[in-house]
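Asker: Provided herewith is a single structure, encoded as structure tokens, for subsequent inquiry.
The values are calculated or read from the model by the stated rules, or taken from the named source; none is laboratory data. No experiment lies behind these values; they were computed from the predicted model shown. Positions of Cβ are generated from backbone atoms using ideal geometry, with glycine treated the same way; all protein chains shown enter the neighbour counts.
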Amino acid sequence: MIEELRIRSLGVIEEATIPLGPGLTVLTGETGAGKTMVLSGVNLIMGGRADGSMLRRDADRADVDGQWLLPHDLGSSVRERIDELGGDMEDGDGGTSLLLGRSISASGRSRAFAGGRTVPASVLAEITEQLVAVHGQSDQIHLRDTRRQRELVDRFAGPELVTMLAGFRAALTRLQVVQRELDELVTSQQEREREAGLLRLGIAEIAEIEPLAGEDDDLKSQATVLAHASELVEAASRAHELLTGDGSDSPNAMDLLGLAARDLERARTMDPAADRLAGDLTRSMEALGILAMEVAAYASALDADPARLAQVEERRHQIAELKRRYGPRLDDVLSWWAASEEAVAAVDGADDRRAALESELATLSSVVRSGAEQITAARRVAGTSFAEQVTAELRELAMPDADVVVDIQTAAELADFTNSGADTVSILLAPHRGSEARALGAGASGGELSRLMLAIEVVLAGVDAVPTFIFDEVDAGIGGRVAVEVGRRLARLAGTAQVLVVTHLPQVAAFADAHIVVTKDAGGQVTASSVVQVDGEARVRELVRMLSGLEDSASGAEHASELLELAATERARR
């Protein structure tokens with residue numbers, strides 16, 4: 001529950017600290033005194049939209065803080081989120097304490113706080129969604145929306161339906177993906193076939209030549225060698241002759257080294273230091289002999305055949321043409337070849353892919369239909385019970401002849417299914433005996449919608465309770481005996497949850513466990529002393545003011561006391 005709200009420089013509120021406790025708390029005061037700004041503060045703490053125009057005149061900043069006391073079971077789940085954010089919570093005997101806040105600058109920029117850490121406003125919304133349910137007069141408009149009506153029935157159905165919906169949505173999403181892929185495959189198949197035909201021509205052209213990676217560079221080297229083969233043979237032969245003599249009387253390297261070897265052999269007999277030099281020279285002669293053989297082999301391998309040169313040049317020309325069409329580099333040609341073969345294979349395999357998609361689509365269609373049928377069945381069961389319980393609550397709220405009906409219309413075509421299933425859910429109301437059950441947007445009065453909304457919340461509180469309910473003048477459009485019944489029902493709801501109500505009706509205010517009065521000072525501001533919890537005679541005077549506008553009215557005081565006695569009796573039964 002909310003233990004305390006602190007507001008500074010918001011609207012007409014200069015500064016206010018509002019203590020709250022369990023049970024039913026009402027906020028009353030004259031029109032414009034700032035009661036609704038209290039709820040605006042709560043909305044900010046819940047991550048609502050911030051606006052610089054919300055600030056008190058001449059203020060440069062507005063601050064709103066809320067101190068929550070959470071039961072340990074709920075506190076543990078909230079604590080996990082706060083721990084992720086690096087915030088702090090305090091544990092006590094009564095539960096877990098959490099501070100949430102919001103600060104707004106005159107420019108409209110805001111900062112949000114949770115557990116002492118700055119967080120996005122969306123995090124406040126995420127946390128408080130589990131803690132508070134707020135209802136205002138605008139909710140009457142939302143109540144007319146069939147999507148909102150479906151959400152209410154689904155909330156009543158409970159976690160089992162939530163699980164069904166999760167599985168259904170996953171299957172429906174996959175079905176939609178497969179359907180789009182299949183439609184695209186069918187639509188583009190003719191174009192793909194045309195493109196594949198062009199690709200096949202290019203593939204055949206490249207495959208006929210069958211180039212290899214780096215072949216163009218290798219052919220270039222071969223062409224250079226073949227073009228200069230005669231010169232190369234002559235150079236290699238001359239080098240071989242200089243190394244070995246090869247029958248010539250001219251001096252050669254081997255003979256010269258042989259002479260040097262003889263001289264070193266004589267030197268080594270006289271000086272052991274020459275031994276190493278003689279050995280090195282011997283090894284050099286051996287290496288030179290090997291080199292001479294390699295030069296001879298090189299000369300023998302040179303091909304001076306003009307026909308071979310023509311073949312190489314023709315091959316170079318073919319590869320150059322491929323590079324011109326599919327390049328500019330040979331690597332680009334090979335990449336295009338591989339990608340095109342893959343694309344053609346995909347087209348060739350389109351029939352197989354189409355068959356696989358159609359098979360998966362049929363399976364998914366069956367799963368989605370089955371899931372939708374289970375959801376519809378669960379909704380029908382929940383809708384019947386929901387309607388019965390809301391009807392019973394309305395009879396407690398001075399609508400003894402009212403009947404609520406939950407109408408569920410189910411789409412037959414998969415194309416009409418949505419993430420919420422195949423159903424359109426409508427809550428219908430027959431407010432009087434013999435009247436036709438009609439859509440809420442077709443004739444239900446504001447007072448009837450106020451009571452219907454309260455009845456729905458009481459019913460939902462039994463299956464999906466939040467710790468705190470806040471009602472902002474949801475009693476608008478009602479009065480007299482109906483107002484007494486609304487007050488009585490709010491008091492009963494407060495038996496299981498904290499309930500905060502902004503009201504103009506004394507019949508509702510009389511049922512409160514705590515009564516807070518908001519007033520403005522002579523300057524039109526709500527100051528720290530302007531928010532007061534009243535009891536005893538002060539409370540009677542406020543009820544008298546609400547009843548007649550005359551605080552000193554003796555008859556009004558008698559009526560107020562009578563209301564308080566009635567409310568006390570009701571609280572004793574709680």
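Asker: What is the number of the single condition among (1) out of contact with any helix residue (DSSP H, G or I) (no Cβ under 7 Å at 6 or more places or on another chain); (2) more than 25 Å from Ser40 (Cα to Cα); (3) in a helix (DSSP H, G or I) that Asp88 does not meet?
Answerer: (3)
Asker: Another question, if that's okay. Among the residues that make up segment 175-185, is at least one of them part of a helix (DSSP H, G or I), over 30 Å from Ala372 (Cα atoms) and without any contact (Cβ under 8 Å) to a residue 12 or more places away in the chain?
Answerer: No, that holds for no residue.
Asker: Taking Ser450 as meeting all but one of (1) hydroxyl-bearing (Ser, Thr, Tyr); (2) modelled with pLDDT of 80 or more; (3) surrounded by 24 or more Cβ atoms within 10 Å (Cβ to Cβ), write down the number of the exception.
Answerer: Result: Ser450 fails condition (2) only.
Asker: Any residue at all in segment 161-173 that's in contact with a Leu (Cβ under 7 Å, 6 or more places away or on another chain), farther than 30 Å from Leu288 by Cα and either free of Cβ contacts under 8 Å to residues at least 40 places away in the same chain or not in a loop (DSSP other than H, G, I, E, B) (or both)?
Answerer: Yes, the conditions are met somewhere in segment 161-173.
Asker: Restricting to segment 350-365, and then to whatever is surrounded by fewer than 12 Cβ atoms within 10 Å (Cβ to Cβ) and among the small types (Gly, Ala, Ser), can you tell me which residue is farthest from the chain's Cα centre (by Cα)?
Answerer: Only one residue tops the list, namely Ala355.
Asker: Show the residue pairs meeting these rules: Cβ distance below 7 Å; 6+ apart or different chains; first residue within segment 122-139 and closer than 11 Å to Met46 by Cβ; second residue modelled with pLDDT of 90 or more and of a type in the set (Phe, Trp, Tyr).
Answerer: Leu131/Trp68
Every residue, every condition in (1) in the same structural domain as Ile319 (by TED's automatic domain parsing); (2) under 60 Å from the mean Cα position of the chain (by Cα); (3) not aromatic (Phe, Trp, Tyr), yes or no:
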site: Arg200; (1), (2), (3): no, yes, yes
site: Asp216; (1), (2), (3): yes, yes, yes
site: Ala227; (1), (2), (3): yes, no, yes
site: Glu231; (1), (2), (3): yes, no, yes
site: Glu241; (1), (2), (3): yes, no, yes
site: Ala253; (1), (2), (3): yes, no, yes
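Asker: What's the total number of residues in segment 188-219 that are farther than 20 Å from Asp332 by Cβ and either without any contact (Cβ under 8 Å) to a residue 12 or more places away in the chain or among the aromatic types (Phe, Trp, Tyr) (or both)?
Answerer: Step one: of segment 188-219, the residues farther than 20 Å from Asp332 by Cβ are 188-194, 196-197.
Okay, now just the ones that are also either without any contact (Cβ under 8 Å) to a residue 12 or more places away in the chain or among the aromatic types (Phe, Trp, Tyr) (or both), so 188, 190-191, 194, 197.
Matching residues across segment 188-219 total 5.
Asker: Still on this model: I need a count of the residues in segment 407-417 that are of a type in the set (Val, Ile, Thr) and modelled with pLDDT under 95.
Answerer: Matching residues across segment 407-417 total 0.
Asker: Is it true that some residue in segment 148-160 is free of Cβ contacts under 8 Å to residues at least 40 places away in the same chain and surrounded by 15 or more Cβ atoms within 10 Å (Cβ to Cβ)?
Answerer: yes
Asker: While we're looking at this one, here's another question. Since Leu428 meets every condition but one in (1) surrounded by fewer than 17 Cβ atoms within 10 Å (Cβ to Cβ); (2) without any contact (Cβ under 8 Å) to a residue 40 or more places away in the chain; (3) over 30 Å from Glu191 (Cβ atoms), which condition does it not meet?
Answerer: It is condition (1) that Leu428 fails.
Asker: Pick from Arg79, Arg147, Arg102: which is part of a strand (DSSP E or B) and basic (Lys, Arg)?
Answerer: Arg102
Asker: Given the options Val405, Val425, Val499, Val466, name the one that is assigned to a strand (DSSP E or B) and within 32 Å of the chain's Cα centre (by Cα).
Answerer: Numbers: Val405 fails: within 32 Å of the chain's Cα centre (by Cα); Val499 fails: within 32 Å of the chain's Cα centre (by Cα); Val466 fails: assigned to a strand (DSSP E or B).
Checking each option against the conditions leaves just Val425.
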